[in-house]
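The values are calculated or read from the model by the stated rules, or taken from the named source; none is laboratory data. Every value quoted in this text rests on a predicted model; they were computed, and no experiment measured them. Quick reminder, even Gly has a Cβ in these numbers, built from the backbone with ideal geometry, and neighbours come from all protein chains shown.
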Amino acid sequence: MSGIVNSSRRRAGAPDLNEDDLRTEVGVWAKVCEDIPEDKLDASYFRALRDRNVRTLLQPGELFRAWTRIRDESRADRQSPIKVDLEGECCYYCNATGYQIIVRKTVEGSWNEYARPCACAAAPGWGRTERPMMGSKYKRDGYGRFHEIDA
Ligand SMILES: [Zn+2]
């Protein structure tokens, strides 16, 4: 971590810290970035540099956010979305709109309809869910809406 702190300071043209200050600074970075696995620190650092275009001093929060981006992207890769051929067959869950329509009974007994990002390729990348609402708790109607069934 001290390597990253030193390197980022030099890049920003900031003076090197004395031993005490460096230890304090590294302590702050280590705390903010404690969830970053040791072997991902360098990758997170380079990612943080790549995603910024200012030469001001890099902040530990930027390193942490760079790590969350790396992590989220690798997750997204692993959970490849349900394959949908948008030219031909439509997604069973969202009709290739990207949003699954869920119909749910409210506490008052009326029906509430809401749209939820689907898990298929038609869903927006930022909101794509891990899986559609499915299984025996839901029944699909003729309009492609999914009704939540009372347990
Ligand atoms: Zn879908």
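For the stretch 53-62, enumerate the residues that are outside any helix (DSSP H, G or I) and not β-branched (Val, Ile, Thr). Across the stretch 53-62, the qualifying residues are Asn53, Arg55, Leu57, Leu58, Gln59. The residue that is farthest from the ligand (Cβ to nearest atom), among those in the stretch 110-121 that are at pLDDT 85 or above and in a loop (DSSP other than H, G, I, E, B), is Ser110. If you scan the stretch 32-48, which residues turn out to be within 17 Å of Glu73 (Cα to Cα) and surrounded by 15 or more Cβ atoms within 10 Å (Cβ to Cβ)? Passing the criteria: Ile36, Lys40, Leu41, Ser44, Tyr45, Arg47, Ala48.
Restricting Arg69, Arg65, Arg75 to residues that are assigned to a helix (DSSP H, G or I) and modelled with pLDDT under 85 narrows the list to Arg75. Consider Ala96 carefully, then state whether it is within 11 Å of the ligand (Cβ to nearest atom), at pLDDT 85 or above and not hydroxyl-bearing (Ser, Thr, Tyr). It is false that Ala96 is within 11 Å of the ligand (Cβ to nearest atom), at pLDDT 85 or above and not hydroxyl-bearing (Ser, Thr, Tyr). Remark: pairs (first residue in the stretch 80-106, farther than 18 Å from Thr129 by Cα; second residue β-branched (Val, Ile, Thr) and modelled with pLDDT under 70; Cβ separation under 7 Å; 6+ apart in sequence or on different chains) are absent.
Applying the criterion of being within 13 Å of the ligand (Cβ to nearest atom) and surrounded by 17 or more Cβ atoms within 10 Å (Cβ to Cβ) to the residues of the stretch 122-141, the residue that is farthest from Arg69 (Cα to Cα) is Met133.
Out of the helices (runs of 4 or more DSSP H) lying entirely within the stretch 1-52, which hold 2 or more residues that are among the small types (Gly, Ala, Ser) and under 24 Å from the mean Cα position of the chain (by Cα)? Filter on the stretch 1-52 gives 41-50.
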